[in-house]
């Protein structure tokens, strides 16, 4: 099975941060942060309906207006997840324009702000001039902020002198059914395979009885004869944060064993004091974080312009601590 997610940076490493992810099979697309979006096509932007914002600094949020303008006269529902205060921030952005000509526009924007133990959500509706609706509160369990049929997203808060979210996108067990095995058993593909997939992904007991025609089989027997399984992919995103014991204690359980870690590395190791003062990571610290978490691949981003012309040094310094591939 191939890696099912297309992962694209919004800009080059010295540009505004953020990534666009698209699932190759379901065509679901999402953003981790919204830096400058002008390098993307309108089609690429419009495919995304899920937006995960780490924090409200301008280089992580400047693309929101671009996204808003493209979606404005479309019947769409955008879902934004961000740190405490994101509802107020986006509310002010939306209030910065006049909306007297949008009474028949159907765009809806749900904004959820993630706190330690709670999600607070409101909805801004275009035809209502983006006035916020009633706030809804929901308890967070195990850091889970979004569950879909094909993946889930978890988030934790780190310290960037303001709350900053790190995210982990996790897929369930991936299952493929072998057509030749189905044919050899005389089983016709159909909705029953969806049920088998759901049972396997929910880790149902192998002794679960399944009726196929006049015969009964255990789930374990069916899986062994027709299914190929592999663990779901995990992609983690760590934006602006500092290399402190408290942040490591928070981050490591979230990102551990990621197939891909997208990690900021604002400064070279020669600027460690500057990185600490501004609550950023150095390239060496990003490599250490990846090694401690046991991730399979590392991708660096968000290089400071003060190191322009030294791009290769970021990768060299990270590689001094991280033994896996840096992509």
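Nothing in this text is a laboratory measurement; each read-out follows from the coordinates by a stated rule. Everything numeric in this text was worked out from a predicted model, so none of it was measured. Cβ atoms come from the backbone with ideal geometry, glycine included; neighbour counts cover every protein chain shown.
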Calculated SAXS-style log₁₀ I(q)/I(0) at q = 0.20, 0.25 Å⁻¹ - segment 13-81, Debye, Cα scatterers | -0.78, -1.21
Name all residues of segment 1-44 having a backbone nitrogen under 20 Å from the label point set 7 Å from the Cα of residue 173 along its Cα→Cβ direction, giving them as ranges.
-> 1-4
Let a ≥ b ≥ c be the square roots of the eigenvalues of the Cα gyration tensor of segment 241-327; is it rounded (a/c under 1.5), or, if not, prolate (a/b larger than b/c) or oblate?
-> oblate
Rough spin-label spacing in nm, given labels placed 7 Å along Cα→Cβ, for residue 220 and residue 257 = 2.2 nm
Taking square-rooted eigenvalues a ≥ b ≥ c of the alpha carbon gyration tensor, is segment 150-304 rounded, prolate or oblate, where a/c under 1.5 means rounded and, failing that, a/b exceeding b/c means prolate?
-> prolate
Near-label residues of segment 34-58 by backbone N, under 17 Å of a point 7 Å along Cα→Cβ of residue 92 | 54-58
For residue 278 and residue 49, FRET efficiency with R0 = 41 Å and r from the beta-carbon atoms, rounded to 0.05?
-> 0.80
Order by protection proxy (mean Cβ within 10 Å, highest first), peptides 264-275, 301-312 | 264-275, 301-312
Compute the relative contact order of segment 175-230 as a whole-number percentage, counting only Cα pairs closer than 8 Å that sit 6 or more residues apart in sequence.
-> 48 percent
For the pair residue 66 and residue 110, the simple spin-label estimate (label points 7 Å beyond Cα toward Cβ) gives in nm 2.6 nm
Grab the Cα-Cα distance for residue 99 and residue 229, subtract it from 0.36 nm times how many residues apart they are, and report the gain in nm with one decimal.
-> 41.7 nm
Candidates 60, 143, 117, ranked by Gaussian network fluctuation over the chain, Cα under 10 Å, top entry = 117
Let me know the whole percent of all Cα-Cα pairs from segment 88-241 that are separated by more than 28 Å.
-> 49 percent
Computed on Cα atoms only, the convex hull of segment 1-147 has an orientation-averaged projected area in nm² of 9.7 nm²
Just the ratio, please: alpha-carbon radius of gyration of the chain over 2.2 N^0.38 Å, N its number of residues.
-> 1.11
Pair residue 36, residue 320: separation of 7 Å Cα→Cβ label points (nm) | 3.1 nm
Prolate/oblate/rounded call for segment 200-255, Cα gyration tensor, a/c under 1.5 rounded | prolate
Segment 175-230: translational diffusion in µm²/s, Stokes-Einstein, Kirkwood Rh over Cα pairs, 37 °C, 0.692 mPa s = 289 µm²/s
Longest principal axis of the chain (C-alpha) makes with the long axis of helix 191-201 (C-alpha) an angle, in degrees to the nearest 10, of 60 degrees
Distance in Å, no decimals, from the C-alpha centre of segment 276-327 to the one of segment 40-112 is 30 Å
Using a Gaussian network for the chain with springs between C-alpha atoms less than 10 Å apart, which of these wobbles most: 70, 30, 107?
-> 70
Grab every C-alpha pair in segment 223-268, bin the distances at 5 angstrom width from 0 up to the longest one, and report whole percents.
-> 5, 17, 21, 19, 11, 8, 6, 5, 5, 3, 0
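Where does each of 53, 109 land when they are ranked from fewest to most other beta-carbon atoms within 10 angstrom?
So the residues, fewest neighbours to most, are 109, 53.
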